[in-house]
Amino acid sequence: MSKGIYTKENVGNGVFIFTANKNFVEPKFWGLHEENEQAQCVVIIHDGNALFFYPEDMDNDTHILLDWEKEQTGKIYPTAEEGMKDTDGIGNTKALAASGSEIAEKVIALDLCGLSWHIPTLQESVLGHEHKVMLNTALAICGKQPVKDNWYWCSTRKENKRNFVLYWNLGYRGNDNQDFSNWVRPVSAVSLNSL
């Protein structure tokens, strides 16, 4: 492979631009490859797992998670420490959609890279924030939308009718009523072997 571009067989940990050819390009080498590679989204690789970030916020607007009168189902994580153990973003998002969440339905319907997209768990949001500088740099240099310094929904439930939120400016972990408006940045989590 040429400089700064990898396949699933030889990519290491870090933040990469994921292309239509299913290659991983180091952001600093994007200029060498943008003529031959079409950027799809940005991905964080960590120990054989890939966390893809959708190229833009849903509808470039804030959304409620669920109308107040509707009930969510699924496991509750009463503290942020417990919430960090939640790894089922797909299940959480499907449960939200089954409860009537319009934004969850929109996220599930996304079609990019042949991946299944979901509202991130608290753990996935925190991982994204830990790589915020490189993640936003990679998104910007390949013409995608960086994550805003604002509050974003997590699919992890805090309590009845409340979900965790993450403040991308400083990494604060909070929670909001399900009928409050926050940003939504879909993600997809897969093992590299499954690509």
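Laboratory data are not the source of any read-out in this text; all were calculated from the coordinates shown. On a predicted model such as this, the values are computed, not experimentally measured, just so you know. So basically every Cβ, Gly included, is an ideal-geometry build from the backbone, and we count neighbours across all protein chains shown.
Tabulated data for the structure shown
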{"item": "Cα gyration tensor shape for region 148-191, rounded if a/c is under 1.5, else prolate or oblate", "result": "oblate"}
{"item": "Within the chain, helix-based [θ] at 222 nm, where runs of 4 or more DSSP H residues each add -39,500 (n - 2.57), nearest 500", "result": "-6000 deg cm²/dmol"}
{"item": "For region 44-55, Karplus couplings with θ = phi - 60° (6.51, -1.76, 1.60), whole Hz, Gly/Pro x", "result": "9, 9, 9, 6, x, 10, 10, 10, 8, 10, 4, x"}
{"item": "Region 107-124 - phi-based ³J(HN,Hα) in whole Hz, Karplus 6.51/-1.76/1.60, Gly and Pro as x", "result": "5, 4, 6, 4, 10, 8, 6, x, 9, 8, 9, 8, 6, x, 6, 4, 4, 5"}
{"item": "Alpha-carbon Rg/Rh ratio, for region 80-146, with Rh computed the Kirkwood way", "result": "1.02"}
{"item": "Whole-Å semi-axes of the ellipsoid equivalent to region 1-116 (Cα gyration tensor, √5λ, descending)", "result": "33, 17, 11"}
{"item": "Taking the C-alpha atoms of region 20-77, convex hull volume expressed per residue in Å³", "result": "177"}
{"item": "Segment Phe29-Lys3, length gained on full extension (0.36 nm per residue, minus Cα span)", "result": "8.6 nm"}
{"item": "Taking the C-alpha atoms of region 126-168, convex hull volume expressed per residue in Å³", "result": "70"}
{"item": "Listed peptides 58-69, 125-136 by packing density, highest first (mean Cβ within 10 Å)", "result": "125-136, 58-69"}
{"item": "Efficiency of FRET between Ser116 and Leu170 - r from beta-carbon atoms, R0 30 angstrom, step 0.05", "result": "0.50"}
{"item": "Whole-angstrom gap from region 5-42 to region 154-195, using each part's C-alpha centre", "result": "26"}
{"item": "Using alpha carbons only: equivalent-ellipsoid semi-axes of the chain, gyration tensor based, whole Å", "result": "30, 15, 15"}
{"item": "Estimated FRET transfer efficiency when R0 is 41 angstrom, pair Trp68-Ala20 (beta carbons, to 0.05)", "result": "0.50"}
{"item": "Bins of 5 Å, starting at 0 and running to the largest distance - Cα pair percent for region 86-195", "result": "2, 12, 21, 25, 21, 12, 5, 1, 0"}
{"item": "Extension gain from Asn36 to Glu56, taking 0.36 nm per residue of separation minus the Cα-Cα distance", "result": "5.0 nm"}
